[in-house]
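First the structure, in the form of structure tokens, and then the observations on it.
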Amino acid sequence: MKGWSEELDRAAQAIAGAPEVALACHEWPDGDALGSMMALFHLCRAQGRSSLASWPEPEEVAPHYRFLPGLDATTPPARFPSEPAVMVTFDCGSIERLGKLQVAARSAHHLIVLDHHATNSGYGSINAIDPNAAATAVMVRRLARRLDWPLNRDAALCLYTGLVTDTGRFQYANTTPEVFALAQELAAFDLPIESITRELFEKSRFAYIQMAAACLTRMRLDAGTGLVSATITEEDLGRFGVALEETEGFIDLVRRTAEARVAVVARYAPDGARVSLRSMDGTDVGAVAVSLGGGGHAHAAGFTHAGSVEEAVELVRAALAG
């Protein structure tokens, strides 16, 4: 199996020779998925390269990512090319997470997978996957160097978003010297750091804060397993008028529990329960997520469960106990 560096060289060659580059990230995209994709979108456009970017339905973007430049120029998934010459996916651990865009992925002449999840299935024809990279944004920066494409401010802002979200504002264990070096490079583009931080981490609607308060009162702490758990139900969302995409950061409130070894949040979604896991003591929550049909990292992972949010939490509890 080829290493990520060699695969990144192959990716650069494929992109350099492509008349058009089709970019896609996973459903319900987070900051790293969106930031990485939009960064390469801006770099392609700056080089005069035809490019389009998309993600699966429902095409929702959490409010705290809507400041990213270029989102208004993205392509609805229904208009995504069915057989792209070169297609690049970002931060997407399995082809199934592309939703209906996986049809295009399976038909692409070159399917380039840029990722940093150790659980990635390697579904591309070119798989540039480095589990030691702090974010997929790091992989995009490395790719730009291979292409000899200079950064611009829009791309830098998008890369910074991916980097700062996946390192938890440079607080997680994946915050390496490479991360700080890249952050320094990106900040040199006169990025509005204060404004970015506010949008990503410190601004929520009053309705969401009310809902979070109500959900936090139902938190449970299991002294035996060190599991702290919380749920967001359909009733919670409806009662406070909160959209699912607004609740992405709720896990960061739950994980603050001092007694917790592992934090889990199960959120209602139309397809069941979306479950986020975080480890505070070295427990490999990535392995737990994989056992339940998901994926991620040792310290942060997730999965989707077709049943209720309560059932999803019990699945995690059982996996940790057994």
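The values are calculated or read from the model by the stated rules, or taken from the named source; none is laboratory data. Owing to the predicted nature of the structure, the values given are computational and were not obtained by experimental measurement. Positions of Cβ are generated from backbone atoms using ideal geometry, with glycine treated the same way; all protein chains shown enter the neighbour counts.
Being in contact with a Gly (Cβ under 8 Å, 6 or more places away or on another chain), assigned to a helix (DSSP H, G or I) and of a type outside the set (K, R) holds for only one residue in A53, A39, and it is A39. For the stretch 286-317, the set of residues classified as among the polar types (S, T, N, Q) and within 21 Å of the chain's Cα centre (by Cα) consists of S291, T304, listed by residue number. Among the residues of the stretch 195-227, those identified as among the hydrophobic types (A, V, I, L, M, F, W, C) and closer than 30 Å to D284 by Cβ are L200, F201, A212, C215, L216, M219, L221, A223, L227. Can you name every residue in the stretch 184-207 that is under 20 Å from the mean Cα position of the chain (by Cα), assigned to a helix (DSSP H, G or I) and hydroxyl-bearing (S, T, Y)? Passing the criteria: only T197.
Filtering A133, A128, A137 for residues that are hydrophobic (A, V, I, L, M, F, W, C) and either surrounded by fewer than 23 Cβ atoms within 10 Å (Cβ to Cβ) or in a helix (DSSP H, G or I) (or both) leaves a single hit, A137.
Considering the stretch 233-258, and only residues there that are of a type outside the set (D, E) and in contact with a Phe, Trp or Tyr (Cβ under 6 Å, 6 or more places away or on another chain), the residue that is farthest from D30 (Cα to Cα) turns out to be T233.
With respect to the conditions (1) part of a loop (DSSP other than H, G, I, E, B); (2) in contact with a helix residue (DSSP H, G or I) (Cβ under 6 Å, 6 or more places away or on another chain), Q210 falls short on a single one, namely (1). Residues in the stretch 288-322 that are buried (at least 16 other Cβ atoms within 10 Å of the Cβ), out of contact with any helix residue (DSSP H, G or I) (no Cβ under 8 Å at 6 or more places or on another chain) and of a type in the set (G, A, S): A289, G294, S308, A312. The listed residues are D166, D222, and the only one of them that is closer than 30 Å to A144 by Cα, among the charged types (D, E, K, R), surrounded by 14 or more Cβ atoms within 10 Å (Cβ to Cβ) and in contact (Cβ under 8 Å) with a residue 40 or more places away in the chain turns out to be D166. Checking E194, E245 one by one, the residue that is at pLDDT below 95 and either over 20 Å from E310 (Cβ atoms) or of a type in the set (F, W, Y) (or both) is E245 and no other. Set side by side, the residues R153, R205, R169, R198 differ, and just one is among the basic types (K, R), out of contact with any helix residue (DSSP H, G or I) (no Cβ under 6 Å at 6 or more places or on another chain) and closer than 30 Å to R317 by Cβ, which is R169.
Scanning the stretch 270-291 for residues that are among the aliphatic types (A, V, I, L, M), at pLDDT below 95 and not in a helix (DSSP H, G or I) returns a single hit, M280.
Just need a number here: residues in the stretch 182-196 that are on the phi < 0 side of the Ramachandran plot and loosely packed, with under 15 Cβ neighbours inside 10 Å. Final tally of qualifying residues: 8. Given the condition among the hydrophobic types (A, V, I, L, M, F, W, C), out of contact with any Cys (no Cβ under 8 Å at 6 or more places or on another chain) and surrounded by fewer than 17 Cβ atoms within 10 Å (Cβ to Cβ), answer yes or no: does some residue in the stretch 260-277 qualify? No - not one qualifying residue is present in the stretch 260-277. Residues considered: E83, E96. Of these, the only one that is assigned by TED's automatic domain parsing to the domain that holds A14, in a loop (DSSP other than H, G, I, E, B) and either free of Cβ contacts under 8 Å to residues at least 40 places away in the same chain or not acidic (D, E) (or both) is E83.
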